[in-house]
There are 2 protein chains.
Amino acid sequence: MQILTTAAGLQAYTEQARQAGHRVGLVPTMGALHAGHLQLVQAARADCNEVIASIFVNPTQFNNAEDFRLYPRVPEADAALLAPAGCTALFAPSVAEMYPQPTVLHFDFGALERVMEGAHRPGHFNGVATVVSKLFHMARPHRAYFGQKDWQQVAVVKQLVADLSFDLEIVACPTIREADGLAMSSRNRRLDAPARAAAPLLYQVLQAAAAQVRQGVPPAQVQATAEATLTREPLFTSEYMAVADAQTLQPLTNYAPGRAVVLCLAAHLGGVRLIDNMVVAG
Amino acid sequence: MQILTTAAGLQAYTEQARQAGHRVGLVPTMGALHAGHLQLVQAARADCNEVIASIFVNPTQFNNAEDFRLYPRVPEADAALLAPAGCTALFAPSVAEMYPQPTVLHFDFGALERVMEGAHRPGHFNGVATVVSKLFHMARPHRAYFGQKDWQQVAVVKQLVADLSFDLEIVACPTIREADGLAMSSRNRRLDAPARAAAPLLYQVLQAAAAQVRQGVPPAQVQATAEATLTREPLFTSEYMAVADAQTLQPLTNYAPGRAVVLCLAAHLGGVRLIDNMVVAG
């Protein structure tokens with residue numbers, strides 16, 4: 001596995017790979033890898049000759065400086081996990097390499113980012129779209145792999161690709177969970193023992209809400225029940241619980257036949273912000 | 001010269017060219033070609049093995065539906081000019097091919113587009129950045145060629161390329177003028193005889209303003225003199241005259257040593273909107 005730290009180095013690597021007729025897969029991560037990320041690498045390896053994993057922690061998608069500072073960074077451990085998973089090149093640039101000058105342009109995704117993560121983390125999806133565009137231009141992938149745990153991010157990136165006619169395919173892979181249901185996340189490392197013990201409640205709340213959706217319980221009532229459950233656990237502070245159309249991400253007042261529903265929630269637990277989601281087929 | 005009308009066709013063409021190790025040049029135009037465009041094609045031909053000219057009239061950069069409707073479209077004449085100039089592929093897609101679905105994302109370039117064309121044509125540079133991104137992703141050029149007549153457009157496109165790390169170089173070529181000084185423009189075809197006879201006044205106004213800048217006449221006075229001259233010609237309606245920093249495009253209240261100045265103007269003449277500019281070295 002090659003380790004690349006410059007844009008020019010990555011561009012030269014992928015230009016050569018494409019000239020050789022290779023298929024290039026990109027797995028954009030922020031490092032601190034877990035089984036969810038490795039599943040993305042394995043999926044890329046099954047499709048592509050070259051698998052590039054980026055572990056750049058992107059400052060422009062953090063709306064909270066403290067969250068950026070505390071975000072786990074373990075590049076040596078990441079490298080040790082990536083090579084056996086089938087990664088052929090690790091991209092680990094500095095902030096100065098990715099942002100040699102301040103960014104002027106700003107992306108707005110309209111209604112798609114007026115809800116959930118976009119509403120609660122101002123500027124987050126501008127940062128995501130900027131760094132993803134940069135990574136696409138540097139890695140020139142045929143396919144890029146993202147986790148469905150970031151459901152809204154996948155929707156925004158698909159919109160970006162469609163609207164700017166990027167010549168690549170977005171592959172979204174299912175959320176990987178711990179045995180007790182907690183969605184894998186790099187932020188889970190920051191949970192202390194009591195918080196870690198309480199954390200599976202998020203998944204339980206989503207499961208209960210999904211069962212209610214299947215029974216036709218109105219969205220407002222599903223949302224209220226979920227938030228009430230989280231409120232009863234003193235370690236949790238609920239940020240949002242959304243019952244939304246799975247494609248448009250807009251909140252639902254009732255269900256439409258044949259339209260999938262996504263349940264998305266964000267909560268703070270012992271100083272750590274966690275998100276999770278679950279899709280209910282329409 | 002190949003004629004391509006689909007995104008997939010263009011992508012296949014340029015993927016093959018790059019695999020063969022060829023240099024690819026892109027000349028994005030909206031057709032109705034004149035000597036200014038052909039200069040861009042010739043510059044591309046001098047640098048690149050493959051020269052792709054796009055003649056797509058992009059609806060999303062017109063803030064005025066009538067201007068879009070009346071924009072000249074002469075694809076057969078364009079093709080006849082492009083082949084002898086060294087163009088190897090002409091890209092002439094339909095609107096549905098370029099925009100298979102409505103665009104959701106919106107670009108904002110901040111202060112760079114709060115002045116001049118951006119201020120007077122709301123949404124114009126969002127449309128430009130969108131279509132240029134699409135063309136870059138379809139044509140995968142090593143270099144893309146733009147005319148300095150659209151000075152602010154060149155600045156916006158360079159910002160786009162830098163901010164999203166497009167792996168290509170922007171080449172800006174000087175404005176080509178008629179013998180009487182009128183800047184070449186596809187819109188000149190729409191001028192009737194009296195308007196065409198009056199049109200060189202724009203260039204004369206810029207020349208006089210440039211002479212004043214060189215003499216240190218304050219920006220406000222340069223602007224007022226230019227607008228007064230245009231107002232005296234009854235066929236003209238001045239839209240703006242800007243004395244600005246050539247890099248940031250922000251209006252000047254005084255001159256800074258070593259900083260180039262750009263003089264930009266827009267005016268309506270017999271129902272046709274014309275722009276022109278001139279740079280004065282700092």
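Report yes if residue A:206 is of a type in the set (A, V, I, L, M, F, W, C) and in the same structural domain as residue A:107 (by TED's automatic domain parsing), otherwise no.
Working: of a type in the set (A, V, I, L, M, F, W, C): yes; in the same structural domain as residue A:107 (by TED's automatic domain parsing): no.
Spelling it out, it is not the case that residue A:206 is of a type in the set (A, V, I, L, M, F, W, C) and in the same structural domain as residue A:107 (by TED's automatic domain parsing).
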Fill in: Criterion violated by residue A:132 - all others in (1) touching a residue at least 24 places away in the same chain (Cβ under 8 Å); (2) in contact with a strand residue (DSSP E or B) (Cβ under 6 Å, 6 or more places away or on another chain) satisfied
(2)
Practice prompt. Of the conditions (1) out of contact with any Lys or Arg (no Cβ under 8 Å at 6 or more places or on another chain); (2) open to solvent by 30 Å² or more (accessible area, probe 1.4 Å); (3) more than 13 Å from chain A (Cβ to nearest Cβ); (4) touching a residue at least 12 places away in the same chain (Cβ under 8 Å), residue B:66 clears all except one; give me its number.
Written response: (4)
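Taking the conditions exactly as written (farther than 23 Å from residue A:248 by Cβ and either within 12 Å of another protein chain (Cβ to nearest Cβ) or of a type in the set (Phe, Trp, Tyr) (or both)), does residue A:196 satisfy them or not?
Details: farther than 23 Å from residue A:248 by Cβ: yes; either within 12 Å of another protein chain (Cβ to nearest Cβ) or of a type in the set (Phe, Trp, Tyr) (or both): no.
When the stated conditions are applied, residue A:196 does not pass them.
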Item to complete: Scan segment A:93-113 and give yes if some residue there is in contact (Cβ under 8 Å) with a residue 40 or more places away in the chain and more than 30 Å from residue B:111 (Cβ to Cβ), otherwise no.
Response: no
Worksheet item: Yes or no: residue B:202 within 23 Å of residue B:271 (Cβ to Cβ), touching a residue at least 12 places away in the same chain (Cβ under 8 Å) and open to solvent by 50 Å² or more (accessible area, probe 1.4 Å)?
Response: no
Worksheet item: Which members of segment B:249-282 meet the condition of being closer than 25 Å to residue B:180 by Cβ and among the small types (Gly, Ala, Ser)?
Response: B:266, B:267, B:270, B:271, B:281
Response to the item:
Residue hits (segment A:138-167; in contact (Cβ under 8 Å) with a residue 12 or more places away in the chain and within 7 Å of chain B (Cβ to nearest Cβ)) are A:138, A:159, A:160, A:164, A:166
Practice prompt. State all residues of segment A:9-30 that are over 16 Å from residue A:88 (Cα atoms) and under 26 Å from the mean Cα position of the chain (by Cα); if no residue qualifies, say none.
Written response: A:30
Worksheet item: Can we say residue A:260 is of a type in the set (A, V, I, L, M, F, W, C) and without any contact (Cβ under 8 Å) to a residue 24 or more places away in the chain?
Response: yes
Worksheet item: Can you name the residue in segment B:124-137 that is closer than 27 Å to residue B:242 by Cα and facing chain A (nearest Cβ under 8 Å) and is also surrounded by the most Cβ atoms within 10 Å (Cβ to Cβ) among such residues?
Response: B:129
Item to complete: From (1) surrounded by fewer than 22 Cβ atoms within 10 Å (Cβ to Cβ); (2) closer than 20 Å to residue A:162 by Cα, pick out the condition that doesn't hold for residue B:105.
Response: (1)
Worksheet item: From the list A:44, A:96, A:89, A:35, which one is more than 14 Å from every other protein chain (Cβ to nearest Cβ) and surrounded by fewer than 18 Cβ atoms within 10 Å (Cβ to Cβ)?
Response: A:35
Response to the item:
All conditions in (1) hydroxyl-bearing (Ser, Thr, Tyr); (2) crowded, with 18+ Cβ neighbours inside 10 Å; (3) farther than 24 Å from residue B:193 by Cα are true of residue B:238 except (3)
Worksheet item: Does segment A:69-91 include one or more residues that are closer than 30 Å to residue B:111 by Cα, hydrophobic (A, V, I, L, M, F, W, C) and modelled with pLDDT of 95 or more?
Response: no
Response to the item:
A careful count of residues in segment B:10-32 that are among the β-branched types (Val, Ile, Thr) and either open to solvent by 30 Å² or more (accessible area, probe 1.4 Å) or touching a Cys at 6+ places or on another chain (Cβ under 9 Å) (or both) gives 2
Practice prompt. Find the residue count for segment A:11-28, including only residues that are touching a residue at least 60 places away in the same chain (Cβ under 8 Å) and facing chain B (nearest Cβ under 10 Å).
Written response: 4
Worksheet entry | When residues of segment A:108-123 are limited to those that are more than 17 Å from the chain's Cα centre (by Cα) and farther than 18 Å from residue B:164 by Cα, the one nearest to the other protein chains (Cβ to nearest Cβ) | A:110
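The values are calculated or read from the model by the stated rules, or taken from the named source; none is laboratory data. This one's a predicted model, so the numbers in the text were calculated from it and none came from an experiment. When we count neighbours, we look across all protein chains shown, and the Cβ atoms used for this are built from the backbone with ideal geometry, even at glycine. What goes into the accessible areas is simple: the full protein's heavy atoms, side chains included, and nothing from ligands, DNA or RNA. Shrake-Rupley method; radii C 1.70, N 1.55, O 1.52, S 1.80 Å.
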